[in-house]
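Visitor: Sharing a structure with you now.
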Amino acid sequence: MKKIIIACLFFVLPASVFASGGANLMHADNDLHDKASLQNGAKLFVNYCLSCHSAKYMRFNRMGRDLGMTDEQVKENLMFTTDKIANTMDIAMKPEDAERWFGTPPPDLSVIARARGTDWLYTYFMSFYEDKSRPFGVNNALFKDVGMPHVLMKLQGRQALVKDEDGTDKLELVETGTMDEEEFSNAMRDLVNFLEYLGEPIKTTRQAMGYKVILFLLVLLVLAYMLKKEYWKDIH
Ligand code: HEC
C-alpha cells in the first residue's frame, strides 16, 4: 500500500518541481490578468526576441484580441515586417544558419513557459553576466555556457559574477543600462507574463470557467441531497 501511495505521489507531483532542478529560483510573481503588463511583454518580445525565436503557434491578430488591442494597434506597434495580421509569429532565420552562428538553434518559444516554468524564465533573464571566455562575452548563472547573447544588456547594463562575504557566488550590477534595477525587473516580469500567456492563451478563460463549473456542481449537490431526502422519507 505504502508503495502505491509513493508511486501516486511521484506522478501527481507537478513537473515544475522536477524541472527547477533544485536551483535557487527567483519568483516571477506575474499576473495573467494584467493586460498592460501583457502588452508591454509583447512589445519586448517582438522587439528583442522575434528576430531569433519564433512563436509559430500564435497569430498576430489572435494575440491582439486577447491582449485588448485592435488589428490597427497590433500592426502599428507589434509588427515590423510585411507580415499579414493573420500570420503566425514566424522568423526568417534558417535553423542551419542559426546553428552555425550560435551553436544551437534558438528554440521556438510558444510553449517555453510550460516547459521551464515562469520562475525559471524570470531567473534566466535576470542572470546574464560578463564572461570574456564566452563567444558573445556573456554567460548565464542559471544556464551555464548558454548560446544566447545578452540581448537586453542595453536595458539592464552589465552584471559581474562576484563572491559574497561567505564565499557564495552572486551577481552584481557593474554598469547601469537605460533602465534602473526596478524598471528592469518589472520589464522581465512583463516578458515572462507574456511568455506564460503564449504557452496557454486560454488559461484565464479556462480558470474562470472552472470556478463556474464547481459552483454549478455545488448547487447540484444541494439539490441532489434534498431530492434524496425526499425519496427516502417514506422508506425510513
Ligand atoms: C541573437 C539571437 C537571439 C535573440 C535575439 C534571443 N535569443 Fe533566446 N536563445 C538564443 C539561442 C541561440 C538560444 C539557445 C541557447 C542554448 O541552448 O545554449 C536561446 C535560448 C533561449 C531560452 C532557453 C531555451 C531553453 O533551452 O529552455 C529562452 C527562454 C530564450 N532564449 C528566450 C529569449 C527571449 C525571451 C528573448 C528576447 C528577450 C531572446 N531569447 C532573444 C538566441 C537568441
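The values are calculated or read from the model by the stated rules, or taken from the named source; none is laboratory data. These figures come from a predicted structure and were not determined experimentally. Glycine also receives a Cβ, built like all others from the backbone with ideal geometry; neighbour counts cover every protein chain displayed. The accessibility values were calculated without ligands, DNA or RNA, using every heavy atom of the protein model including side chains. Shrake-Rupley method; radii C 1.70, N 1.55, O 1.52, S 1.80 Å.
Visitor: With +1 on each Lys and Arg Cβ and -1 on each Asp and Glu Cβ, how big is the dipole of the chain about its Cα centre, in debye rounded to the nearest 20?
Guide: On the way: 28 positive and 32 negative charges, 261 e Å.
The calculation lands at about 1260 debye.
Visitor: Okay, next question. Give the Rg (one decimal place) followed by the Dmax (whole number) of the range 127-236, computed from C-alpha coordinates and expressed in Å.
Guide: Over the range 127-236's Cα set, Rg and Dmax evaluate to 27.0, 86 Å.
Visitor: Heavy-atom accessible area per residue, the chain, 1.4 Å probe: how many Å²?
Guide: Dividing the accessible area of the chain by its residue count gives 66 Å².
Visitor: Taking all protein chains as present, what is the carbon and sulfur share of the accessible area of the chain, in % to the nearest whole number, probe 1.4 Å?
Guide: C and S fraction of accessible area: 59 percent.
Visitor: Filter 94/170; 43/212; 43/132; 35/75; 75/144 down to the pairs with a C-alpha to C-alpha distance above 27 Å, please.
Guide: Distance filter (> 27 Å) returns 94/170; 43/212; 43/132; 75/144.
Visitor: Right, next: Need the C-alpha centroid separation for the range 109-141 versus the range 183-201, integer Å.
Guide: Centre-to-centre (Cα) distance: 14 Å.
Visitor: Sorted from largest down, what three extents in whole angstroms do the Cα atoms of the range 20-110 have along their principal axes?
Guide: 38, 35, 18
Visitor: Hey, another quick one. All other residues with a Cβ under 15 Å from the Cβ of residue 182 taken together, and with Lys, Arg as +1 and Asp, Glu as -1, what is their net charge?
Guide: Neighbourhood net charge equals -4.
Visitor: Run lengths n ≥ 4 of DSSP H only: what is the helix-derived mean residue ellipticity at 222 nm for the chain, with -39500 (n - 2.57) per run over all residues, to the nearest 500? Could the numbers behind the result be given before it?
Guide: Values: 11 runs with 120 residues, N = 236.
Here the helix-only value at 222 nm equals -15500 deg cm²/dmol.
Visitor: Okay, next question. Given the range 12-201 reduced to its alpha-carbon atoms as identical point scatterers, what log10 I(q)/I(0) does the Debye formula return at q = 0.10, 0.14, 0.15, 0.16 Å⁻¹?
Guide: For the range 12-201, the Cα-only Debye profile gives -0.43, -0.85, -0.98, -1.11.
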